[in-house]
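Student: Just dropping this structure here.
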Amino acid sequence: MHVLKNSYQEKRQFLCIVGKAAPLSTMRPHSSRRHFLQQCTKASSALAFPSIIPASALGKDGRPPPSERTTLAVIGCGGRGTDVLKSFLQDERVQVIAACDVERESARYNKGIIKKAGTLGREPARRLVDQTYDTRGCRTHEDFREVLVCADVDAVQIATPDHWHALQAVAAAHAGKHIYCEKPLSLTVAEGRFMSDVVRRSGVTWQTGSQQRSDIHFRMACEYVRNGRIGKLRQIRVGLASKNRDNNGHANQTAETPVPEGLNYDLWLGPAPDAPFCPARLHSNWRWFYDYSGGNITDFGAHHLDIVQWALDMDESGPVSFFDLKAEWPAAGSLYSTCPRFSFAYRYADGTIVRVADQQDFGSGIAFEGEHGTILCSRGMLKITPDSLRQPLKPNDLRLYESKDHFRNFIDAIRDGTRPAAPIESAHRSITIAHLANIALRLGRNSLNWDPVNERIRDDSEASAMLKRGMRQPWQL
């Protein structure tokens, strides 16, 4: 485990790392230093005494003993966070010991298209962990900074809204915690570059939640493209998703209302601009606010544009220009601010063109169109035409990184000291494409030129200024 130093001043200094003017006194009233250290001590004791943990958690029934497990804390216990948590709970080498969320427990996640029963938040996550392990070993936190000073936490799972990723990831890296972070990686290009540099210097293991890199269909598609199976590429078409969907069923509840009991709304906003609470703003619908995310372009673009980068061997580079930019925007007065309909194209230095739209004739997915044929891939599907091209790769053909389980791959990388399937630099380069498209669309540009070596927009100072955003005080990187 990574052990932090124990002096009060050092703990206080670390807690302020992502909020210069946010010392311990800004945390919830009962989170005094004494209470917090008592909580960590109780959790450590729970892991140590057999009277609390059943025999199955002590190394029997095929599980490694506690001293050999990777301890994990979950930061963000909403729909996606809980889904990822369930995957880690299936890994016998992992012990989930903490659940952190600004929401104690709420049913507001579970409306509209999300077909999940019950509630979500830190308390439901704790119950899920304790029921899985048949113990009372999982503790809860409201503030992520509490988690990061706990010496018994080896790794964190970050599944918060996009505007929180940079602050939490940088703080976790400084704390020496291994990090599994959901996509999209960052809110801005500047944040992504900073995150990648900090993680590289810290030496912690990082896995981005770009799980398509652990999907055999996408890997095979990239291998076929890399080995020239369909000949020279004519173009690549990418289909994402349309509309600012009502994910929580509260899109029409835009009037300001009192903050619900059990929600630390100020901490949810964090570095984002101050805004009145309304039910339409939170729980998955936050994706349609430019203050918190980038809409469908960054949401599913983080997946499919990442696969394009992988297929073209561009994991540490990117395109040089954007063109054919079109977007429809929400009606005047709408609370949402990301485009529900869009299309754009971008070009790499070698001339390869990628065309992206919210709607393609094949739906969501990627079509690699070459001089000899086409490869169409999406989740659960790989179609190669003509059929004569669908032949096994030869022994000397290029093979790409193979991961069969994205979550176990993260734990493998921690334990073996190896590179994971979705490193942070790859995620930064992929989401940069989505961020640049959003910048160009929001400014109404006909084109945008990008320098992927120096990561600068060419000859457009207004667009260049949008590579970063300010943070609401006291938060800062």
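FYI, it's all coordinate maths here, none of it is from the lab. All figures in this text were calculated on a predicted structure; none of them were measured in a lab. Every residue, glycine among them, receives a Cβ derived from its backbone with ideal geometry; neighbour counts consider all protein chains shown.
Student: Among Ala190, Pro276, Val259, pick out the residue whose Cα is farthest towards the positive end of the charge dipole of the chain, where Lys and Arg carry +1 and Asp and Glu carry -1 on C-beta, about the Cα centre.
Tutor: With unit charges placed on the Cβ atoms, the residue in question is Val259.
Student: Cα axis of helix 33-48 to longest principal axis of the chain: angle in degrees, 0 to 90, nearest 10?
Tutor: 80
Student: Counting each DSSP H run of 4 or more residues in the chain as -39500 (n - 2.57), what helix-only mean residue ellipticity at 222 nm follows after dividing by all residues, to the nearest 500 deg cm²/dmol?
Tutor: It comes out at -9000 deg cm²/dmol, rounded to the nearest 500.
Student: So what is the orientation-averaged projected area of segment 338-477, using the convex hull of its C-alpha atoms, in nm²?
Tutor: With the hull built on Cα positions only, its mean projection is 13.5 nm².
Student: A further question follows. If you place +1 on the Cβ of every Lys and Arg, -1 on the Cβ of every Asp and Glu, and leave all else neutral, what size is the dipole of segment 147-227 about its Cα centre, to the nearest 20 Debye?
Tutor: 260
Student: With axes computed from alpha carbons, what is the tilt in degrees of helix 424-442 against the longest principal axis of the chain, rounded to the nearest 10 within 0 to 90?
Tutor: It is inclined by approximately 60 degrees.
Student: How far is helix 216-226 tilted off the main Cα axis of the chain, in degrees rounded to 10, range 0 to 90?
Tutor: With both axes taken from Cα atoms, the answer is about 40 degrees.
Student: Further, regarding this structure: What's the ranking of 118-124, 293-299, 450-456 by average number of surrounding C-beta atoms within 10 Å, highest first?
Tutor: Taking the mean over residues of other Cβ atoms within 10 Å, the ranking is 293-299, 118-124, 450-456.
Student: Let me ask something else. Rounded to a whole number of µm²/s, how large is the Stokes-Einstein D of segment 210-300 at 25 °C and 0.890 mPa s, given Rh as the Kirkwood radius over C-alpha pairs?
Tutor: 148
Student: Viscosity 1.306 mPa s, temperature 10 °C: Stokes-Einstein D of segment 128-217 from its Kirkwood Cα radius, in µm² per second?
Tutor: Rounded to a whole number, D works out at 112 µm²/s.
Student: Determine one quarter of the surface area of the Cα convex hull of segment 413-462, which equals its mean projected area, and express it in nm² to one decimal.
Tutor: That works out to 4.6 nm².
Student: Taking the highest mean first, how do the peptides 75-87, 356-368, 331-343 order by number of other beta carbon atoms within 10 angstrom per residue?
Tutor: Descending mean neighbour count gives 75-87, 356-368, 331-343.
Student: Starting from the exponent 0.38 and prefactor 2.2 Å, build the expected Rg for the chain from its residue count and divide its actual Cα Rg by it.
Tutor: 0.99
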